[in-house]
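Engineer: Supplied in structure tokens, the structure appears directly below.
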There are 2 protein chains.
Amino acid sequence: MKKLLFIPMLLLTLAVSGAAQHPSLLLTHEGVAEMRAARGTIPAFDAAMARTLAGADAALASEIVVPEPRDGGGGYSHERHKLNYYEMVDCGIAWQVTGDERYARRVIDMLKAYARIYPSLGFHPVKLSNTPGRLFWQTLNESVWLVHTSMAYDCVYDMLTPAEREDIETNLFRPMADFLMNGLEGNRGNNKVFNKMHNHATWATAAVGMIGMTMNDSTLVRKALYGSDETGKHGGFIQQMDELFSSDGYFTEGAYYLRYAIWPFMIFAQSIDRNMPELKIFEYRDGILFKAVSTLLQLAYDGRFMRFNDALVKGYDAQELVYAVNIAYNADRSNKMLLDVAARYQDWVLPTDAGFAVARDIERGEAQPLAFRSALYRDGRDGDCGGVAVIRSTDPALNSALTLKATSHGLSHGHYDKLTIAYYDNGNEVLCDYGAARWINIEAKYKGHYTPENRTFAMQSIAHNTLVVDEGSHFGGIYDESMKHHSEILYTDFSREGVQIVSAGEDNAYPGVKMRRTVAYVETPFLQYPLILDLLQATSDKNHNYDYPIWYNGQMVSLNFPYERALTTMTTLGKDNGYQHLWLTAEGSNSDSGTTCFTWITGDRFYSLNTATTPQSRMVMVETGASDPNYNLRVEKGYIIRERDLKNHTFFSSLETHGTYDLQVEQSDNLTSSCTGVKVLVDTPEYTVAVAEYEGGHKVTLCVANLSADKAAHHSVQTPDGVVEWDGPRDVKME
Amino acid sequence: MKKLLFIPMLLLTLAVSGAAQHPSLLLTHEGVAEMRAARGTIPAFDAAMARTLAGADAALASEIVVPEPRDGGGGYSHERHKLNYYEMVDCGIAWQVTGDERYARRVIDMLKAYARIYPSLGFHPVKLSNTPGRLFWQTLNESVWLVHTSMAYDCVYDMLTPAEREDIETNLFRPMADFLMNGLEGNRGNNKVFNKMHNHATWATAAVGMIGMTMNDSTLVRKALYGSDETGKHGGFIQQMDELFSSDGYFTEGAYYLRYAIWPFMIFAQSIDRNMPELKIFEYRDGILFKAVSTLLQLAYDGRFMRFNDALVKGYDAQELVYAVNIAYNADRSNKMLLDVAARYQDWVLPTDAGFAVARDIERGEAQPLAFRSALYRDGRDGDCGGVAVIRSTDPALNSALTLKATSHGLSHGHYDKLTIAYYDNGNEVLCDYGAARWINIEAKYKGHYTPENRTFAMQSIAHNTLVVDEGSHFGGIYDESMKHHSEILYTDFSREGVQIVSAGEDNAYPGVKMRRTVAYVETPFLQYPLILDLLQATSDKNHNYDYPIWYNGQMVSLNFPYERALTTMTTLGKDNGYQHLWLTAEGSNSDSGTTCFTWITGDRFYSLNTATTPQSRMVMVETGASDPNYNLRVEKGYIIRERDLKNHTFFSSLETHGTYDLQVEQSDNLTSSCTGVKVLVDTPEYTVAVAEYEGGHKVTLCVANLSADKAAHHSVQTPDGVVEWDGPRDVKME
């Protein structure tokens, strides 16, 4: 695999020009002139500016306070230093837009105050980070401080006397840039971070690069772009663009952390584009940053990022997305769908050139609806480490999405689950992923960090809609082991009318057990909503216990077999690997029928999962919350089908979305499943054929050629129901 | 108490004029002319009309089907007869608006089909009702059928030949009206219902009255208005208006059933107003129907009806409210707040004169924001049976509401809880009432009826935020006993700047125990949001156990005392009276402090309940779901403070709303309670003085003169913290 090296080459032969004029990071002369001219005509931008001016005026009305660094995250000095950079940005922009010198003066005076204390600062007294900062307890916050402060300095640059610049740059910015790059004596860890392929390095390089551009310091800019050694081979922003995203713009930790990573990428890219247009940074690697923004938007449902790996509920309204969407639109104004995201999900725009362009073009009516498409987002720098598949309803009005996660581990924020499905429909999460066990910023909940239950439950396989073998987690829940492997995408076809299929495999999660999952999203003429077929195959030489958990949102409606409900006492389902967190609320088995039906209601719609079972299958209902001394877990509900002591087992389910439930007019319809039976007809090493039957004599058959990837191959299989024929690795037949 | 009898007198001396022209129920000639002229200019009404025409066209495209009555609610013949009246209404209106005779013909043909079968129908074969219908399993549905069909007949009346009228009236409408009034041989129960003070009678009288007006039958109209004996003293619509609402427009079963009852009242009143304007029906009893609509709108939070007694989640978008709001606005076009309700909460308008007026005037921009006010809604026909108090934030932007329920039982839909509080804030239910245990229309959940858990849990006192004595329910959970009594409102003052107070008492819920509750809603200059003080006093000659349950919505954040969490096994809190449904998830006691603090998060805000306790107080955390074999209950969470073996106990709490929690920008503030202590300073038969203290040395003192209702009385009480003085029965002091 050859890396694109043309940019380093180009740059190293050119003098870095630095900022020819100020401002030139997030504002420009032309942009400011446009903003001034348009005042009062674009309500959304007027609001952004009013917010900025209010912040700036509040700053003017108060004393400059630059406290001695003392407190950790959330504490006084920490929050005060954060507030200071927000104030400086507000005042910098306010000066540019109003021409009122008091705003510029405020920024300069505050910078001078920082310049007075910074040289004498050692490491921050709170010792919780391997890379402590000086103003903050961790260097990461110091990088974020400098990114913001660079923008403010850029705005007021022309107002400073040469002596003032000398003071501030010598005492504050250069030492800080050096600190971010090299640390201080006693801890040089920042150098490693600065050159790492990691989002903390993105913040650090953005900070050093942006202050470098503002100060016209080409050395700092080169180091930011190409790493400390300026070779582009051992760090730097360009290498991060090469390595942190897959060629599809996917970020290995998942959507939630892609959201976080995109912020410094876009801010710094915008600055580079202004100051070094010859780099064509937004075109780099086939437009990788635009791809990353697009992938991020696609990995969301109803504006909320899909939850897998460590994830809280965040969405398009997160501040990172405002930056990303505004800057991406300003850099490629042909993408009018970004305006739709800004208009519908974000209630503010940046008070910058980019925000102005967004607000103005929304006002001009240029927004076009954000379109979702079924796609595979490949993981791994070269797209060869599995991926996340998202199947969308072809009719956008149906608004449903089915995901299959078959990626690599996802670094420190990854969870131990492969081949996990999630389903979103009708505005709701229907089959859920717990996401992260964390109450961010809530001191009482483990100081706002990931709680211990993140490791003991949320990361464990049983917390996910996947296969769990012998009540253990994938890769034994061992990080180093999981990091070695990734799942394989075996097949995707999103192009057929009415039938979309994805199939993935995982051979390493459990030694000696091969896992295959094929999910089909099928639009039938006889069911109310698209149907999902789920075929989860486990094969092994040895006997195992197989658990098939389904985490559902909403209220349990019915099960088609007798079950014993925990009435007056309740115990946990297990002791370890996440099972210790599950209350066993009911259990039973189905000796009347080979099809086990579970129906629940989410929102105003019903969902029925019909699964092929035997009288030996055990079904349990569970609820999270056991072994949770501090109520750190949310209460979530699951249904688990358990097969015992088998070499191979194939779970086959029909997931049917049905029903109209209108409480307001008290009308309802189609509240019970139409499925009359599901069965696996054939299950050999070569072929698996499974059928789901519905009222009216309808059938949907899922055909899998287990060993063939040949799209042209013709398959003909004898089943108890007759011969089934199809072409290619996977097919769905409807009758 | 003298009843207003002027209307019966007036009417009995006048000839009932009947319908001078058709249509004259929900449409008029003038209205239709206006609608026709305005087509294409008022989008909301165009949409209503498009919906109606689509329904009418679908009817035209299908066969007339009038099945033999056979099935119960939800079954085929039941739903088909319902669909038929909707179709007839659509076609009747379509004929009026388009002049296309096919629509009129369809109504006429269907009426003839009904006329052919109706005379031969005995009672419906499904025997589940004491008052079976003929087309439907219960007479109630037959009344609703006739209300709708009257509207359709009114629309097409002029298109029938005299012979057709003769056929339909003789074979269908007159026998049906007679059936609704008198039943059939073998079951004359309908006569009792027709003359009852009950909402089923409202439907029956509306049906008989509306078909009477359409057929120009003054006898039917008189009986509908004044009961079978036409005296107005033993039944009829006018007496219902006198007796079913309190003078504040409150309906004794509560907001949820007021919603249901208002529908036939408003439809029939509109018809009366058209045909007998001399009755001034909307002015009757000081505008009681307008008051009922207004009270209903006020007994809601964010468009959803407050949940007490039997209640599901319904709101302004319920179809009953579309009728009520449209008709009320058409009858009093000065009430522009009704337009706001229609515009913001209802996505359709009636395809009638009233709906047209609403759509047109919204389009004209006449809507005015619905304003909420603190008020007491008195229960009992004469307003002397307690009531529901609603305290609203004075700043509408704060959008919070605190309720105290101190009513009579509320007939068959009442729950066994007096002096219950609920709190709504920031768009969320914060202190909750479970409402009803029912999954309406969901066959699998007890056939959609109230589930057994409604009686065993939802109705029991422990399911509510009130005082529970000796683990029993109020009035022993005995209906006849509870129906004998009502709570007393002791004091209200919503007029003071920054301090709103309501106080109520209940002496009969537990023999020998006097309950008093005083809640104050206080806007302080030092807390982020208004503060709620809750003083719940129990006094008795004998020792009792007192439970103080708080049902909260959201996630438990912290308790300020050590507690033992159920980790691997869990049991129920009790065995009866609702306690059997509670899982005991944790328990503990607080020997470190006399102030016990519980903090939780709901939405993006925090709530802290600080309560005065002793080391003997036991605190438990509970969750619903035990003893619930069919998962009929929702999972809800409660916190209970338990005081054992005491004659008297006063629970005093500060409920503080605090915190800014913005996950999207990861900024948060004020996440811990500011309360430094709460204590009851004085608690004698004469006086109770309790103080809550907050950071910064602030104090809020609640002063209660237990025995004095004298607003002018001056009180001076020695407390451990010095002398406290105030005037009147209740006061709040702030320092």
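Engineer: For B:Ile421, are the conditions met, namely being β-branched (Val, Ile, Thr), within 14 Å of another protein chain (Cβ to nearest Cβ) and on the phi < 0 side of the Ramachandran plot?
Structural biologist: no
Engineer: Let me ask something else about it. When you scan segment B:252-363 for helices (runs of 4 or more DSSP H) that lie fully inside it, which ones turn up with 2 or more residues that are in contact with a Gly (Cβ under 6 Å, 6 or more places away or on another chain) and on the phi < 0 side of the Ramachandran plot?
Structural biologist: The helices (runs of 4 or more DSSP H) meeting that bar are B:284-298.
A quick yes/no check of all residues on (1) modelled with pLDDT of 95 or more; (2) surrounded by fewer than 23 Cβ atoms within 10 Å (Cβ to Cβ); (3) within 18 Å of the chain's Cα centre (by Cα):
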site: B:Ala204; (1), (2), (3): yes, no, no
site: B:Ile211; (1), (2), (3): yes, no, no
site: B:Met215; (1), (2), (3): yes, yes, no
site: B:Val221; (1), (2), (3): yes, no, no
site: B:Met241; (1), (2), (3): yes, yes, yes
site: B:Tyr260; (1), (2), (3): no, yes, yes
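Engineer: Could I ask something else about it? If I ask for residues that are within 12 Å of A:Glu87 (Cα to Cα) and small (Gly, Ala, Ser), which ones from segment A:103-120 would you list?
Structural biologist: The one that is within 12 Å of A:Glu87 (Cα to Cα) and small (Gly, Ala, Ser): A:Ala104.
Engineer: Yes or no: B:Leu671 part of a loop (DSSP other than H, G, I, E, B) and within 28 Å of B:Gln528 (Cβ to Cβ)?
Structural biologist: So B:Leu671 passes the test.
Engineer: Continuing with this model, one more query. Testing B:Asn670 on (1) on the phi > 0 side of the Ramachandran plot; (2) away from chain A (no Cβ under 14 Å), one condition comes back false. Which one is that?
Structural biologist: Result: B:Asn670 passes all but (2).
Engineer: Quick one: is A:Ala224 of a type in the set (Gly, Ala, Ser) and closer than 25 Å to A:Gln319 by Cβ?
Structural biologist: So A:Ala224 fits the description; yes.
Engineer: In the set A:Ala37, A:Ala56, A:Ala50, A:Ala94, which member is small (Gly, Ala, Ser), over 24 Å from A:Ala328 (Cα atoms), modelled with pLDDT of 95 or more and assigned to a helix (DSSP H, G or I)?
Structural biologist: Going through A:Ala37, A:Ala56, A:Ala50, A:Ala94 in turn, the sole match is A:Ala56.
Engineer: Need pairs with beta-carbon distance below 7 Å; first residue among the charged types (D, E, K, R) and within segment B:11-37, second at pLDDT 65 or above and surrounded by 12 or more Cβ atoms within 10 Å (Cβ to Cβ); sequence gap 6+ or separate chains.
Structural biologist: As it stands, the answer is B:Glu34/B:Phe356; B:Arg36/B:Val97, since those pairs meet every condition given.
Engineer: Right, something else. What number of residues within segment A:535-586 are farther than 18 Å from A:Ala626 by Cβ and more than 14 Å from every other protein chain (Cβ to nearest Cβ)?
Structural biologist: So the count comes out to 14.
Engineer: Further question: Where residues in segment B:603-626 are away from chain A (no Cβ under 13 Å) and of a type in the set (S, T, N, Q), which of them is farthest from B:Gly677 (Cα to Cα)?
Structural biologist: B:Gln616
Engineer: Considering only residues that are in a loop (DSSP other than H, G, I, E, B), of a type outside the set (A, V, I, L, M, F, W, C) and crowded, with 18+ Cβ neighbours inside 10 Å, which ones fall in segment A:155-195?
Structural biologist: A:Gly183, A:Asn195
Engineer: If you scan segment A:664-678, which residues turn out to be farther than 13 Å from B:Trp439 by Cα, crowded, with 19+ Cβ neighbours inside 10 Å, of a type in the set (S, T, N, Q) and in contact with a Phe, Trp or Tyr (Cβ under 7 Å, 6 or more places away or on another chain)?
Structural biologist: Hit for segment A:664-678 is A:Ser674, nothing else.
Engineer: So how many residues does segment B:242-275 have that are under 22 Å from B:Met151 (Cα atoms) and free of Cβ contacts under 8 Å to residues at least 60 places away in the same chain?
Structural biologist: 1
Engineer: Can you tell me which condition B:Gly249 does not meet? The list is (1) in contact with a Ser or Thr (Cβ under 7 Å, 6 or more places away or on another chain); (2) part of a helix (DSSP H, G or I); (3) at pLDDT 95 or above; (4) within 22 Å of B:Val322 (Cβ to Cβ), and all the others hold.
Structural biologist: Going through the list (1) in contact with a Ser or Thr (Cβ under 7 Å, 6 or more places away or on another chain); (2) part of a helix (DSSP H, G or I); (3) at pLDDT 95 or above; (4) within 22 Å of B:Val322 (Cβ to Cβ), B:Gly249 breaks only (2).
Engineer: Would you call B:Thr688 assigned to a loop (DSSP other than H, G, I, E, B) and either touching a strand residue (DSSP E or B) at 6+ places or on another chain (Cβ under 9 Å) or within 14 Å of chain A (Cβ to nearest Cβ) (or both)?
Structural biologist: no
Engineer: Here's another thing I want to ask about it. Which of the numbered conditions does A:Glu481 fail, given that it passes all the others? Conditions: (1) touching a helix residue (DSSP H, G or I) at 6+ places or on another chain (Cβ under 7 Å); (2) over 18 Å from A:Leu419 (Cβ atoms); (3) without any contact (Cβ under 8 Å) to a residue 40 or more places away in the chain.
Structural biologist: (2)
Engineer: Only residues that are more than 14 Å from chain A (Cβ to nearest Cβ), surrounded by 18 or more Cβ atoms within 10 Å (Cβ to Cβ) and in contact (Cβ under 8 Å) with a residue 40 or more places away in the chain: list them for segment B:587-601, please.
Structural biologist: Matches in segment B:587-601: B:Thr595, B:Thr596.
Engineer: Here's a follow-up. Quick one: how many residues across segment A:659-668 are touching a strand residue (DSSP E or B) at 6+ places or on another chain (Cβ under 6 Å) and over 16 Å from B:Lys445 (Cβ atoms)?
Structural biologist: Here the count works out to 1.
Engineer: Please give the number of the condition A:Asn141 fails out of (1) assigned to a helix (DSSP H, G or I); (2) surrounded by 24 or more Cβ atoms within 10 Å (Cβ to Cβ).
Structural biologist: Among (1) assigned to a helix (DSSP H, G or I); (2) surrounded by 24 or more Cβ atoms within 10 Å (Cβ to Cβ), A:Asn141 violates only (2).
Engineer: Tell me the residue from A:His658, A:His698 that is closer than 30 Å to B:Gly74 by Cα, more than 14 Å from chain B (Cβ to nearest Cβ) and out of contact with any Pro (no Cβ under 7 Å at 6 or more places or on another chain), please.
Structural biologist: Going through A:His658, A:His698 in turn, the sole match is A:His698.
Engineer: Return the total of residues in segment B:594-632 being more than 25 Å from B:Val519 (Cα to Cα) and in a strand (DSSP E or B).
Structural biologist: 2
Engineer: Pairs only if they're at least six apart or on different chains, beta carbon under 6 angstrom, first in segment A:315-342 and within 14 Å of chain B (Cβ to nearest Cβ), second small (Gly, Ala, Ser); list them, first residue then second.
Structural biologist: From residues that are within 14 Å of chain B (Cβ to nearest Cβ), the pairs are A:Gly315/A:Gly303; A:Tyr316/A:Gly303; A:Val325/A:Ala342.
Engineer: Please give the number of the condition B:Glu283 fails out of (1) surrounded by fewer than 24 Cβ atoms within 10 Å (Cβ to Cβ); (2) more than 19 Å from B:Met210 (Cα to Cα); (3) touching a residue at least 24 places away in the same chain (Cβ under 8 Å).
Structural biologist: For B:Glu283, the exception is condition (3).
Conditions tested, residue by residue: (1) within 14 Å of chain B (Cβ to nearest Cβ); (2) farther than 30 Å from A:Leu160 by Cβ; (3) touching a helix residue (DSSP H, G or I) at 6+ places or on another chain (Cβ under 6 Å).
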| residue | (1), (2), (3) |
| --- | --- |
| A:Ala206 | no, no, yes |
| A:Met210 | no, no, yes |
| A:Gly236 | no, no, yes |
| A:Ala261 | no, yes, yes |
| A:Glu278 | no, no, no |
| A:Ser294 | no, yes, no |
| A:Leu297 | no, yes, no |
| A:Asp302 | no, yes, no |
| A:Met306 | no, yes, yes |
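Engineer: Quick one: would you say A:Asp645 is charged (D, E, K, R) and in a loop (DSSP other than H, G, I, E, B)?
Structural biologist: Considered against the rule, which asks whether it is charged (D, E, K, R) and in a loop (DSSP other than H, G, I, E, B), A:Asp645 comes out as no.
So that you can scan it fast, the table gives a plain yes or no per residue for (1) at pLDDT 95 or above; (2) within 14 Å of chain B (Cβ to nearest Cβ); (3) surrounded by 17 or more Cβ atoms within 10 Å (Cβ to Cβ):
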{"site": "A:Asp433", "(1), (2), (3)": "yes, no, yes"}
{"site": "A:Asn441", "(1), (2), (3)": "no, yes, yes"}
{"site": "A:Glu453", "(1), (2), (3)": "yes, yes, yes"}
{"site": "A:Thr456", "(1), (2), (3)": "yes, yes, yes"}
{"site": "A:Lys484", "(1), (2), (3)": "yes, no, no"}
{"site": "A:Ile489", "(1), (2), (3)": "yes, no, yes"}
{"site": "A:Glu497", "(1), (2), (3)": "no, no, no"}
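The values are calculated or read from the model by the stated rules, or taken from the named source; none is laboratory data. Everything quoted here is computed from the prediction, not taken from an experiment. Here Cβ is always computed from backbone atoms with ideal geometry, including for glycine, and neighbour counts include all displayed protein chains.
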